[in-house]
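Take a look at the structure below.
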Amino acid sequence: MNEFLFYCNLGVKHIMDLQAYDHFLFLVVLVLGYSSKQWKQVLWLITAFTLGHSLTLGMVLFKLLAVASEWVELLIPTTIFITAVFKLVTAGKFNVSNPFTILLSLCFGCIHGLGFSMYLKMLLADSTDKLMPMFAFALGVEVAQLLVVLGMALLSFLATLLFKVSKRDWVLVLSAMVIGVVLPMLLARSTFLF
């Protein structure tokens, strides 16, 4: 049971680590602009992301997939940038239950899963049981993601209802802020292309 809790806790820390804030930024921009009435759809969106994340983790752990770390380090901020630009362009007028949105969340989850897979692979190098730690880690990731979503819902509530910021302005400002944070990261990580 201690091992299960260790990997579950590791999944939570993976999302909440502010020094590795790329995953956190992606979640913030992913759920930005959705109303509390859309909570079931947002849950599907987050779960699709976790499934993608777990899929690539498993593929790397079981040596079915290998991707150069330079590409992973470039693709992660690219997913954040694309999502933030999408939110900026649509300015809060999008449908979360659109199958394309859920598929995109799954695909971007696959990319983000690659980012942590090498560390998890190293931790489990001598382990005969890789499924239980992977499941516990995924559970921790999902719990932490739900906490981020709840935090964003609370911030959105405060901004739009208490401070009377329009939903459109809230989406525009936060999307622009995320782009401002992720663009230097994206440029710094793309130097290997030139």
### Message
Condition first: part of a helix (DSSP H, G or I), surrounded by fewer than 15 Cβ atoms within 10 Å (Cβ to Cβ), in contact with a His (Cβ under 9 Å, 6 or more places away or on another chain) and of a type in the set (A, V, I, L, M). Can you find one or more residues in segment 64-87 that meet it?
### Response
no
Considering residues that are in a helix (DSSP H, G or I) and surrounded by fewer than 17 Cβ atoms within 10 Å (Cβ to Cβ), the number found within segment 122-142 is 5
| message | Please determine whether any residue of segment 13-23 is in a helix (DSSP H, G or I), free of Cβ contacts under 8 Å to residues at least 12 places away in the same chain, closer than 30 Å to Thr90 by Cβ and not polar (S, T, N, Q). | response | yes
- [ ] Would you confirm whether any residue within segment 170-183 is among the small types (Gly, Ala, Ser), modelled with pLDDT of 90 or more, more than 17 Å from Ile80 (Cβ to Cβ) and assigned to a helix (DSSP H, G or I)?
- [x] no
Condition check: part of a helix (DSSP H, G or I) and modelled with pLDDT of 90 or more. Does Leu43 satisfy that? no
Of the candidates Met118, Met134, the one satisfying the condition of being modelled with pLDDT of 85 or more and of a type outside the set (S, T, N, Q) is Met134
(message) Against the definition (under 17 Å from Asp22 (Cα atoms), at pLDDT 85 or above, in contact with a helix residue (DSSP H, G or I) (Cβ under 8 Å, 6 or more places away or on another chain) and not in a loop (DSSP other than H, G, I, E, B)), how does Ile102 come out, yes or no?
(response) no
Taking segment 36-63 and the residues there that are polar (S, T, N, Q) and surrounded by 15 or more Cβ atoms within 10 Å (Cβ to Cβ), the one that is farthest from Leu123 (Cα to Cα) would be Gln38
Those residues of segment 143-194 which are touching a residue at least 24 places away in the same chain (Cβ under 8 Å) and within 30 Å of Leu5 (Cα to Cα) amount to Val143, Ala144, Gln145, Leu146, Leu147, Val148, Val149, Met152, Ala153
Of the listed residues (Gly109, Gly33, Gly58, Gly52), the one being over 23 Å from Phe157 (Cβ atoms), more than 14 Å from the chain's Cα centre (by Cα) and not hydrophobic (A, V, I, L, M, F, W, C) is Gly58
Is it true that some residue in segment 179-190 is over 29 Å from Val12 (Cβ atoms) and not acidic (Asp, Glu)? yes
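The values are calculated or read from the model by the stated rules, or taken from the named source; none is laboratory data. Keep in mind that what you see is a predicted model, and the values were worked out from it rather than measured. When we count neighbours, we look across all protein chains shown, and the Cβ atoms used for this are built from the backbone with ideal geometry, even at glycine.
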